[in-house]
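Written out below as structure tokens is the structure these notes cover.
The values are calculated or read from the model by the stated rules, or taken from the named source; none is laboratory data. Computed from a predicted model, the values in this text were never measured in an experiment. Backbone-built Cβ (ideal geometry, glycine too); neighbour counts: all protein chains shown.
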């Protein structure tokens, strides 16, 4: 043990005796501000050799900032980073790797058309007379996979043929082949099924034996309790808990995460809230939208819920719990959909976005840049894209009238608050918030019975966020049903009339925001809901 | 840059650019064309004569018409390589039906144009229905249509006699050959189509963001089929102009025309990288630049290989200049 590690004893938290291993990673007194806002405030974080250490906290608590400092993406304003007791300065990801920090991101970096061995040795191929030495690559791959206890995987298999869990394991092996002292896993199970998660965990347990310190960043507290040895909880850029996982309960973990927010509920004190005033059933008690036994591939299993006219229903869940797939299925943009969807009591077939739109469904994607906007076109054509026919010179004259088009665009952009001064600008040049308002305006211009949106305020500044909330509320008050997929608890509770919580592809609870607290919703998202299932199951 | 400065690309730009770089980007290619014209006029006596201008217009009409369709296709992010063969195929069909089978010229022309339209439809349907890259599909139809044309020519040539063909080159309203008028009218129609119709707007939307267009509930595949069909249709019209201009159909007609068309589109500044950026009137300018250069070298008595090399060189310079002007845009 190096003398520096004794600094750690100054921490208030007692080191658990069974983890008296040397510290692989020590971050001491880390602070980082962005502009005036502190993202991290004097954070101490330590990972011992041979442990899996969870780093948890809500979005914005500082987890990713902390990990970006380890990775070398950010430089801290103050504080020390030590690997194996030696102070290191990490200025870029390459230096991070050299210093002994390996990071596995959610987005895998593997090349699907190359083999496992080729992927692992990529960029470090030994050559003999200019030809890649295959056996050297093979040895490197086998050694790395052996660390994870994997010996049955044929390293000549192409990546594209592997399951997601296997790909994840190869990615980890690839990072491990650089011999890191610390391995950071960023939400490694978000895209995995339960079964795949098991496989990944067994590999991680094996890897732990090699003495590497593993940081497990996750929102899935069940998994944290299952696989991790210790846990550090961040809230608002500060460490609020350092716990040994043995003996830790999920409730305690949620309480630490949320702090005084845990019991915050949004509507109990506000009976005059406009919400749900617009909600009404149709004639004969038929809801606007009824989804029954909906399954999508094997990510969504038998989900049922309904949406009334003028009602805002949240579909809430941790990343990868199936809620986005449900939304995509409602817009005809998901493969292998089973189950029935009825609009105003009529069963509809939503085979494509076009078919869905013809039934009066609108959709706002979470992937604004790639699917939402036309970056090189101005605001006006972006707004009118879904309702071109209505800008015709006359009903039977299929010529676009620029004047009419601009007038139609202005009507809705004024409403959502896109200034006229920018209406001729390319979308690429506008802020994320303005871009999203333009997307909202596009569907306002078209008019729809049901609006399905995924993470409608992702990458949107606070001011624009409030505007978008206001627009959605207005739409609902006029009778449009709205489905909002969100991973943001506050957003779900503030905005929605009812929250359907998804966990592992099922509905785990249906929550009434007027009664719910952040804690109860959080627990439901972890699969531990006490709310009732909509179908009384 | 001021917040309210409008942009110039694509449809929906309400006003002209207000800054010098925007003006330069908008009119850059026109300026380049004017510079080329001035240099050629000063260095070659016969270049800037009325009769030579007439020649240039006649010479660019076929490529010009084909380039309209190519512009639309490339705006969607695709490409149509089959147009060269399609010009040959349609003119062979017209000539064959008219000369060898005694069909009236008008009917033969219509059938020839419809055949070219069919090739375009095949391009569109195969590439969208099976999700095959247009470059592969149209390479296939390039070979297939070219082969068919040559088979029907039977290693020979066909001489046309009907004035319905030759009129396009000999009739000169206001002193300008009919085929040039046809080209100009088609450009005007092309502009209306691209800027003022749902189809044209959809072309820009698809080119700008295909997934986005799909999620905006646009009929992406149907529109793409229409665009490739349009390109085929225009190749058919170009086949008619080509037949009328030459009076003799032989197997080299249309060869390599696709590259001239693509060049005209690219010189006109259409963005291949992002799609959805470009304007059809700039393609016309691109066509005219290429036409002026070819004409100038003929006048100067430069041998063809030199001419080709020079065209390539001038085009690279033109594209680079335009690129540099554009890059200063935000």
Is it the case that region B:169-178 has a residue that's more than 14 Å from chain A (Cβ to nearest Cβ), surrounded by fewer than 24 Cβ atoms within 10 Å (Cβ to Cβ), outside any loop (DSSP other than H, G, I, E, B) and under 18 Å from the mean Cα position of the chain (by Cα)? yes
Quick one: residue A:397 ticks every box in (1) over 22 Å from residue B:196 (Cα atoms); (2) within 12 Å of chain B (Cβ to nearest Cβ); (3) without any contact (Cβ under 8 Å) to a residue 40 or more places away in the chain bar one, so which box is it? (1)
Kindly state which helices (runs of 4 or more DSSP H) lie completely within region B:241-330 and contain at least 2 residues that are without any contact (Cβ under 8 Å) to a residue 24 or more places away in the chain. B:280-299, B:304-327
Would you call residue B:244 buried (at least 24 other Cβ atoms within 10 Å of the Cβ) and under 17 Å from residue B:83 (Cβ atoms)? no
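Rundown of residues vs (1) within 28 Å of the chain's Cα centre (by Cα); (2) free of Cβ contacts under 8 Å to residues at least 12 places away in the same chain; (3) at the interface with another protein chain (Cβ under 7 Å from one of its Cβ atoms), yes/no style:
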residue: A:366; (1), (2), (3): yes, no, no
residue: A:377; (1), (2), (3): no, no, yes
residue: A:387; (1), (2), (3): no, no, no
residue: A:416; (1), (2), (3): yes, no, no
Is there a residue in region B:200-213 that is in contact (Cβ under 8 Å) with a residue 12 or more places away in the chain, surrounded by fewer than 24 Cβ atoms within 10 Å (Cβ to Cβ) and more than 14 Å from chain A (Cβ to nearest Cβ)? no
Could you tell me whether any residue of region A:148-160 is within 21 Å of residue A:320 (Cα to Cα), in the same structural domain as residue A:232 (by TED's automatic domain parsing) and surrounded by 19 or more Cβ atoms within 10 Å (Cβ to Cβ)? no
The condition of being surrounded by 19 or more Cβ atoms within 10 Å (Cβ to Cβ) and on the phi < 0 side of the Ramachandran plot holds, among B:148, B:114, B:142, B:121, only for B:142
Collect the residues in region B:189-199 that are part of a helix (DSSP H, G or I) and at the interface with chain A (Cβ under 7 Å from one of its Cβ atoms), keeping them in residue-number order. B:196, B:198
Within region A:95-136, residues part of a helix (DSSP H, G or I), surrounded by 13 or more Cβ atoms within 10 Å (Cβ to Cβ) and more than 35 Å from the chain's Cα centre (by Cα) come out as A:134, A:136
Residues A:445, A:476: which one is buried (at least 19 other Cβ atoms within 10 Å of the Cβ), modelled with pLDDT of 85 or more and under 12 Å from residue A:313 (Cβ atoms)? A:476
Look at residue B:33 and say whether it is touching a helix residue (DSSP H, G or I) at 6+ places or on another chain (Cβ under 8 Å) and at pLDDT 95 or above. no
Only one of A:30, A:52, A:69 that is farther than 26 Å from residue A:318 by Cβ and surrounded by 22 or more Cβ atoms within 10 Å (Cβ to Cβ): A:30
Exactly one of A:408, A:403, A:428 is surrounded by fewer than 24 Cβ atoms within 10 Å (Cβ to Cβ) and either more than 11 Å from chain B (Cβ to nearest Cβ) or touching a helix residue (DSSP H, G or I) at 6+ places or on another chain (Cβ under 7 Å) (or both), and that residue is A:408
Quick one: residue A:381 ticks every box in (1) modelled with pLDDT under 90; (2) out of contact with any strand residue (DSSP E or B) (no Cβ under 6 Å at 6 or more places or on another chain) bar one, so which box is it? (1)
Looking at (1) free of Cβ contacts under 8 Å to residues at least 60 places away in the same chain; (2) away from every other protein chain (no Cβ under 14 Å); (3) more than 20 Å from residue B:281 (Cβ to Cβ), find the lone condition where residue B:185 falls short. (3)
